[in-house]
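Below is one structure, written out as structure tokens; the observations come after it.
The values are calculated or read from the model by the stated rules, or taken from the named source; none is laboratory data. Note that the structure is a prediction, hence the values are computed from the model and not measured. Cβ atoms come from the backbone with ideal geometry, glycine included; neighbour counts cover every protein chain shown.
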Amino acid sequence: MRTAGWRSYLTYGCAIALCQPLAACGSAENPPASTNDRSAGKAAAAVPADAPLVIAFGDSLYAGYQLGPKEGLAPQLQAALAADGVVARVQNAGVSGDTTAAGRQRLTYVLDSAQKKPALVLLGLGGNDMLRGVQPGETRTNLDAMLAELQKREIPVLLTGMIAAPNMGGDYAQAFNTIYPELAAKYDASLYPFILDNVVTDRALMLGDNVHPNAKGVTVIAEGLAPLIAQALPQAE
């Protein structure tokens, strides 16, 4: 876990405990709706056709749950990279409500349908598994299979982690929380240990459900991820 430490862990855990009956981080039955919070929107610069492709493959935290078209993770990442002088096209492949099992089923299709081979895939799934009480072993197996597929295709990965809510119990948390660092090490993937780090502890950065970030919260996430993405992308000649 990064600098947020136990405060992020406990705050997020309390929010998850309250929202656990929903059984999904932004379920597919509740499609994203535009929010009134426009403060984080950034103008997207034109991206050359030959720019490296980054695919953001995850759940509602990637999909932009209840956010406007320019407020989700993909557009804000693209803008944050551009602000740092890094040219890349970031494709939103997030689906609200996705579990690791659902992601495993659709990964090949997303990769095969891409206009070009991705220079990097951001992989962020597992939160909905935890909410539904899916056994960590199943979550690990599905993430392992996706990472193996990406490795086979020689596509670098940035894995964004999740942590188990305290109410899931110590045994569950121990089994779940070790998934991301261990798989990142196994596949030599970059790791951002907790996607809501430095966000979940600040209500001004969260939607009313206290589980999903608002546009400002996504900005913080994008700014945290952008340097790791820039390091993983091929350097221009």
Quiz item: Just one of the numbered conditions (1) free of Cβ contacts under 8 Å to residues at least 24 places away in the same chain; (2) buried (at least 19 other Cβ atoms within 10 Å of the Cβ) is not true of Asn214; which one?
Solution: (1)
Quiz item: Can you pull out the residues in the range 201-213 that are part of a loop (DSSP other than H, G, I, E, B), on the phi < 0 side of the Ramachandran plot and more than 14 Å from the chain's Cα centre (by Cα)?
Solution: Thr201, Asp202, Leu207, Gly208, Asp209
Quiz prompt | Checking Ala164 against (1) in a helix (DSSP H, G or I); (2) crowded, with 16+ Cβ neighbours inside 10 Å; (3) touching a residue at least 24 places away in the same chain (Cβ under 8 Å), the condition it does not meet | solution = (1)
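Right, Val134: touching a residue at least 12 places away in the same chain (Cβ under 8 Å), buried (at least 19 other Cβ atoms within 10 Å of the Cβ) and of a type in the set (Val, Ile, Thr) or not?
So Val134 fails the test.
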Quiz prompt | Residue among Ala23, Ala15, Ala28, Ala40 that is under 17 Å from the mean Cα position of the chain (by Cα), modelled with pLDDT under 55 and closer than 21 Å to Ile195 by Cα | solution = Ala28
Practice problem: Considering every residue within the range 171-185, establish whether at least one is assigned to a loop (DSSP other than H, G, I, E, B) and either basic (Lys, Arg) or modelled with pLDDT of 95 or more (or both). | Solution: yes
Quiz item: Out of all the residues in the range 172-181, is one or more in contact with a strand residue (DSSP E or B) (Cβ under 8 Å, 6 or more places away or on another chain) and surrounded by 14 or more Cβ atoms within 10 Å (Cβ to Cβ)?
Solution: yes
Exercise. Could you give me the residue pairs with C-beta distances under 8 Å whose first residue belongs to the range 145-159 and is closer than 15 Å to Leu125 by Cα, whose second residue is in a helix (DSSP H, G or I) and aromatic (Phe, Trp, Tyr) wherever it lies, and which are 6+ apart or on separate chains?
Key: Leu159/Tyr180
Practice problem: May I ask you to verify whether Gly217 is closer than 19 Å to Leu81 by Cα and part of a helix (DSSP H, G or I)? | Solution: yes
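Any idea which residue in the range 100-131 is nearest to Val211 (Cα to Cα), counting only those that are β-branched (Val, Ile, Thr) and crowded, with 24+ Cβ neighbours inside 10 Å?
Thr100
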Quiz item: Counting only residues that are under 15 Å from Leu158 (Cα atoms) and assigned to a loop (DSSP other than H, G, I, E, B), how many does the range 96-136 have?
Solution: 4
Self-check item: Looking only at the range 77-97, and only at residues there that are of a type outside the set (A, V, I, L, M, F, W, C) and more than 13 Å from the chain's Cα centre (by Cα), the one that is farthest from Asn214 (Cα to Cα)
Solution: Gly85
Quiz item: Do any residues in the range 97-116 that are more than 11 Å from Glu149 (Cβ to Cβ) have Cβ atoms under 6 Å from those of residues that are assigned to a helix (DSSP H, G or I), where the two are at least six apart or on different chains, and which pairs are they?
Solution: Thr99/Asn128; Thr99/Asp129; Thr100/Asp129; Thr100/Thr139; Thr100/Asn142; Thr100/Leu143; Ala101/Asn142
